[in-house]
Amino acid sequence: MLDSQQPKPRTYRVALVIQYLGTHFHGWQRQKQQRTVQEEIEKAIATVLGYPVTLYGAGRTDAGVHAAAQVAHFNVTSPIPACKWAVILNSYLPNDILIRASAEVNDRWHARFSAIYRRYRYTLYTEGLPNLFASAVSWHYYIDPLDESLMQAALKPLIGHHHLAAFHRANSVRKHSWVDIQAAECYRNGSFLHIEIQANGFLYGMVRLLVGMLVQVGSGQRTPENFTDLWKYERREEVKHAAPSQGLCLLRVGYPDFPFPPEIWFDTQPKFVFS
């Protein structure tokens, strides 16, 4: 029974900004007999409340994929202030998940349906020698030198509304392959090559398939024009290699009405620089 001095419980919606290292997770979405991010956080919330809740995420990252600022929400009836949930949950969560902040949002705000974009960053480590500190968050690609200017040229025509069935993995529940690409860039940072894609939504496996083919452009095996023809004419049979999951990170999710300041969510994946 609640103490008479405590505020009476009320029902409200809590938004979370979440970081996780995807290495030991079978993706975001709850699955039977698999360790997932959603399940771990739901268990922590249930431990605090004493009853189960459902956590709604902005996107479903695949097995092994990381997140610098995943967003989720849940509804709760509790006297706990919304801003306290981050600290409370972090005391129950494993060390490969971190809640950066929590805040109350109105009951019409939805982590998935209110989002206007998602942005992913893919990182390649291009030195010949391996590096333990980079291995968990990048694809160690050293077979051929990669020309980022060619890769950028290949990305530029992607911006816009396109049918990207060539980069759509099988077993997806999505019924179409239309995507609005809002930004696409490739740039070098010392020994690291970063590819960032921003869109209203992403197809199942899209970024990893796209990067797998983009390195063929950077290595000279495929021209930027050939890369464009690949997706424009839906030559899915040529897309045979997906980039490894550990290089991919959900960088951020954008909202027109977001209760968190930019330093919480905007660009929180650290960048190594090895010259």
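The values are calculated or read from the model by the stated rules, or taken from the named source; none is laboratory data. Keep in mind that this is a model prediction, so the values were computed, not measured. Don't worry about glycine lacking a Cβ; one is built from the backbone with ideal geometry, like all the others, and counts go over all protein chains shown. Please note that ligands, DNA and RNA were not included when accessible areas were found on the heavy atoms of the full protein model with its side chains. Shrake-Rupley method; radii C 1.70, N 1.55, O 1.52, S 1.80 Å.
Quick check, is Glu234 within 16 Å of the chain's Cα centre (by Cα), of a type in the set (Asp, Glu) and either surrounded by fewer than 22 Cβ atoms within 10 Å (Cβ to Cβ) or not in a strand (DSSP E or B) (or both)? So Glu234 does not fit the description; no. Cβ-Cβ distances below 6 Å connect the following pairs, each with a first residue in segment 239-251 that is over 30 Å from Glu263 (Cα atoms), a second residue that is open to solvent by less than 50 Å² (accessible area, probe 1.4 Å) and of a type in the set (D, E, K, R), and a separation of six or more residues or different chains: Ala242/Arg208. Check Arg169 against each of (1) open to solvent by 70 Å² or more (accessible area, probe 1.4 Å); (2) in contact with a strand residue (DSSP E or B) (Cβ under 9 Å, 6 or more places away or on another chain); (3) charged (D, E, K, R) and name the one condition it does not meet. Among (1) open to solvent by 70 Å² or more (accessible area, probe 1.4 Å); (2) in contact with a strand residue (DSSP E or B) (Cβ under 9 Å, 6 or more places away or on another chain); (3) charged (D, E, K, R), the lone unmet condition for Arg169 is (2). Determine, yes or no, whether Tyr255 is more than 27 Å from Tyr125 (Cα to Cα), among the aromatic types (Phe, Trp, Tyr) and open to solvent by 60 Å² or more (accessible area, probe 1.4 Å). No.
What number of residues in segment 89-148 are of a type in the set (Val, Ile, Thr), under 22 Å from Leu209 (Cβ atoms) and either loosely packed, with under 15 Cβ neighbours inside 10 Å or out of contact with any Leu (no Cβ under 7 Å at 6 or more places or on another chain) (or both)? Within segment 89-148, residues that are of a type in the set (Val, Ile, Thr), under 22 Å from Leu209 (Cβ atoms) and either loosely packed, with under 15 Cβ neighbours inside 10 Å or out of contact with any Leu (no Cβ under 7 Å at 6 or more places or on another chain) (or both) number 3. Scanning segment 36-88 for residues that are of a type outside the set (A, V, I, L, M), crowded, with 22+ Cβ neighbours inside 10 Å and under 20 Å from Val137 (Cβ atoms) yields Thr61, His66, Gln70.
Looking at Thr223, Thr228, Thr268, can you tell me which residue is out of contact with any Lys or Arg (no Cβ under 6 Å at 6 or more places or on another chain), β-branched (Val, Ile, Thr) and open to solvent by 60 Å² or more (accessible area, probe 1.4 Å)?
On the way: Thr228 fails: open to solvent by 60 Å² or more (accessible area, probe 1.4 Å); Thr268 fails: open to solvent by 60 Å² or more (accessible area, probe 1.4 Å).
Sole residue among the options that is out of contact with any Lys or Arg (no Cβ under 6 Å at 6 or more places or on another chain), β-branched (Val, Ile, Thr) and open to solvent by 60 Å² or more (accessible area, probe 1.4 Å): Thr223.
The residue list Phe227, Phe258, Phe202 contains one member that is assigned to a helix (DSSP H, G or I) and among the aromatic types (Phe, Trp, Tyr), which is Phe227.
Can you list residue pairs whose Cβ atoms sit under 9 Å apart, with the first residue in segment 173-195 being over 17 Å from Ala243 (Cβ atoms) and assigned by the TED database to the domain that holds His161 and the second being among the basic types (Lys, Arg) and outside any strand (DSSP E or B)? Count only pairs 6 or more apart in sequence or on different chains. Taking only residues 6 or more apart or on different chains, the pairs are Asn189/Lys271; Gly190/Lys271. Scanning segment 51-84 for residues that are within 22 Å of Gln33 (Cα to Cα) and either of a type in the set (Val, Ile, Thr) or touching an Asp or Glu at 6+ places or on another chain (Cβ under 6 Å) (or both) yields Val53, Thr54, Leu55, Thr61, Val65.
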